[in-house]
Amino acid sequence: MPESNSTRSLRLGIAGPVGTGKSSLIATICRALSDELRLGVITNDIYTDEDARFLRSAGVLDPERIRAVETGACPHTAIRDDITVNLLAVEDLERDFALLDVVLIESGGDNLTATFSPALVDAQIFVLDVAGGGDVARKGGPGIARADLLVVNKTDLAPYVGVDVPTMVADARAARDGGEVLALSRTDAASVAELRAWVLRLLAAHRSGFHVPQDPGPMAPHFHADDDGGALHAHADGDHEHSHPGADRTHAH
Ligand SMILES: Nc1nc2c(ncn2[C@@H]2O[C@H](COP(=O)(O)OP(=O)(O)OP(=O)(O)O)[C@@H](O)[C@H]2O)c(=O)[nH]1
Ligand SMILES: [Mg+2]
């Protein structure tokens, strides 16, 4: 019998470009909610378990509740195209710590295009940061446009990188047709309280059965070279195509 959404944990994905603060945001959520909710974390890294180790050492959660998936390839594959390893990791965690309220799943840092499959997560946060430039929000893409929440992170750095946060947030809202945008800094308690409230609202909607997982949509077609000695692969699964034309690790997304 299929699991009812209201009886299993809320699975919340965190995606966004490299270094925008996904792991830190997970640490912030754990810090804000681990007293009242039973939490678990899955991280996806391409080659290492760096993110899981960072989160364990942050001391925000029992280290046993933080598990790493090493994707070994294009990071979006494991969160969108072939989600088996992630689903098994989530289900193992849910079984070992039954019951969990929320499982947070961090994607490998990618470019603007990676999104989670709605078969893996119930909802997803897409994270940008001010250091990536004030105009990033205008560039769009499925995560920016249609994730359940867009976070504009590290607002404390805005004065140093010449970004006007209200303008960046307004651009992001426009790119999302008015969808939710949160300006966040881990040093700004009010913004952390908003993030906490958003997660609790989502959890309540999930439990009541009113929350319907949305698919932000597929990533754009892209190409990347693998280190497989020059074999040429082209794989199209309806979502996107891969091409591996050579041994150098160039990416053209
Ligand atoms: N000033 C400031 N720095 C932050 C904030 N959040 C995260 N950082 C810093 O940004 C850097 C990247 O943060 P991470 O949380 O590792 O980013 P990430 O998106 O998980 O990175 P990858 O997993 O490598 O893609 C670290 O040096 C963090 O300390 C913030 O709110 N303000
Ligand atoms: Mg990380």
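Quick test for you: out of VAL85, VAL90, pick the one residue that is under 30 Å from GLY141 (Cα atoms), in contact (Cβ under 8 Å) with a residue 60 or more places away in the chain and out of contact with any Ser or Thr (no Cβ under 6 Å at 6 or more places or on another chain).
VAL90
Say we look at segment 168-217 and pick out the residues that are within 14 Å of ligand 1 (Cβ to nearest atom) and among the small types (Gly, Ala, Ser); which of these is nearest to SER23 (Cα to Cα)?
SER185
Filter segment 170-189 for residues that are of a type in the set (D, E, K, R) and assigned to a loop (DSSP other than H, G, I, E, B); which is farthest from VAL151 (Cα to Cα)?
ASP177
Which residues, taken from segment 138-158, are within 23 Å of ILE105 (Cβ to Cβ), free of Cβ contacts under 8 Å to residues at least 40 places away in the same chain and part of a helix (DSSP H, G or I)?
The first filter runs over segment 138-158 and keeps only residues within 23 Å of ILE105 (Cβ to Cβ), leaving 141-154.
From the residues that got through so far, the ones that are free of Cβ contacts under 8 Å to residues at least 40 places away in the same chain too are 144, 150, 152.
Matches in segment 138-158: ILE144 only.
If THR48 satisfies all but one of (1) closer than 19 Å to VAL127 by Cβ; (2) within 12 Å of ligand 1 (Cβ to nearest atom), what's the number of the condition it fails?
Single failed check for THR48: (1).
Would you tally the residues in segment 9-41 being more than 9 Å from ligand 2 (Cβ to nearest atom) and out of contact with any Leu (no Cβ under 8 Å at 6 or more places or on another chain)?
Total meeting the criteria: 4.
Could you say whether any residue in segment 66-78 is part of a helix (DSSP H, G or I), more than 11 Å from ligand 2 (Cβ to nearest atom), assigned by TED's automatic domain parsing to the domain that holds ASP101 and within 15 Å of the chain's Cα centre (by Cα)?
Yes: one or more hits.
So which residues in segment 88-130 are surrounded by fewer than 17 Cβ atoms within 10 Å (Cβ to Cβ) and part of a helix (DSSP H, G or I), if there are any at all?
The answer is LEU88, GLU91, ASP92, ARG95, ASP96.
Would you confirm, using the coordinates I've provided, whether LEU25 is within 12 Å of ligand 1 (Cβ to nearest atom), assigned by TED's automatic domain parsing to the domain that holds LEU104 and within 19 Å of GLU194 (Cα to Cα)?
When the stated conditions are applied, LEU25 passes them.
What number of residues within segment 32-64 are out of contact with any helix residue (DSSP H, G or I) (no Cβ under 7 Å at 6 or more places or on another chain) and part of a helix (DSSP H, G or I)?
5
Among all residue pairs at least 6 apart or on different chains, which show Cβ distances below 8 Å where the first residue, located in segment 36-49, is more than 14 Å from ARG65 (Cβ to Cβ) and touching a residue at least 40 places away in the same chain (Cβ under 8 Å) and the second is within 16 Å of ligand 1 (Cβ to nearest atom) and polar (S, T, N, Q)?
ASN44/THR71; ASN44/ASN86; ASN44/SER107; ASP45/THR71; ILE46/THR71
Which numbered condition trips up ASP101, out of (1) within 15 Å of ligand 2 (Cβ to nearest atom); (2) touching a residue at least 40 places away in the same chain (Cβ under 8 Å); (3) farther than 23 Å from VAL181 by Cα?
All conditions pass for ASP101, except number (1).
Quick one: is ILE46 under 24 Å from ALA205 (Cα atoms), within 14 Å of ligand 2 (Cβ to nearest atom) and either surrounded by fewer than 18 Cβ atoms within 10 Å (Cβ to Cβ) or modelled with pLDDT under 95 (or both)? Full working, then the answer.
Numbers: under 24 Å from ALA205 (Cα atoms): no; within 14 Å of ligand 2 (Cβ to nearest atom): yes; either surrounded by fewer than 18 Cβ atoms within 10 Å (Cβ to Cβ) or modelled with pLDDT under 95 (or both): yes.
No.
Could you identify the single residue in HIS240, HIS251, HIS235 that is out of contact with any Pro (no Cβ under 9 Å at 6 or more places or on another chain), away from ligand 1 (no atom under 16 Å from the Cβ), outside the structural domain of THR20 (by TED's automatic domain parsing) and at pLDDT below 95?
Exactly one of HIS240, HIS251, HIS235 is out of contact with any Pro (no Cβ under 9 Å at 6 or more places or on another chain), away from ligand 1 (no atom under 16 Å from the Cβ), outside the structural domain of THR20 (by TED's automatic domain parsing) and at pLDDT below 95, namely HIS235.
Looking at segment 165-179, can you tell me whether even one residue there is within 16 Å of LEU12 (Cα to Cα) and out of contact with any Asp or Glu (no Cβ under 9 Å at 6 or more places or on another chain)?
No, because not a single residue in segment 165-179 is within 16 Å of LEU12 (Cα to Cα) and out of contact with any Asp or Glu (no Cβ under 9 Å at 6 or more places or on another chain).
The values are calculated or read from the model by the stated rules, or taken from the named source; none is laboratory data. Everything numeric here is computed off the predicted structure, so don't read it as measured data. Glycine gets a Cβ as well: all are built from the backbone with ideal geometry, and neighbour counts include every protein chain shown.
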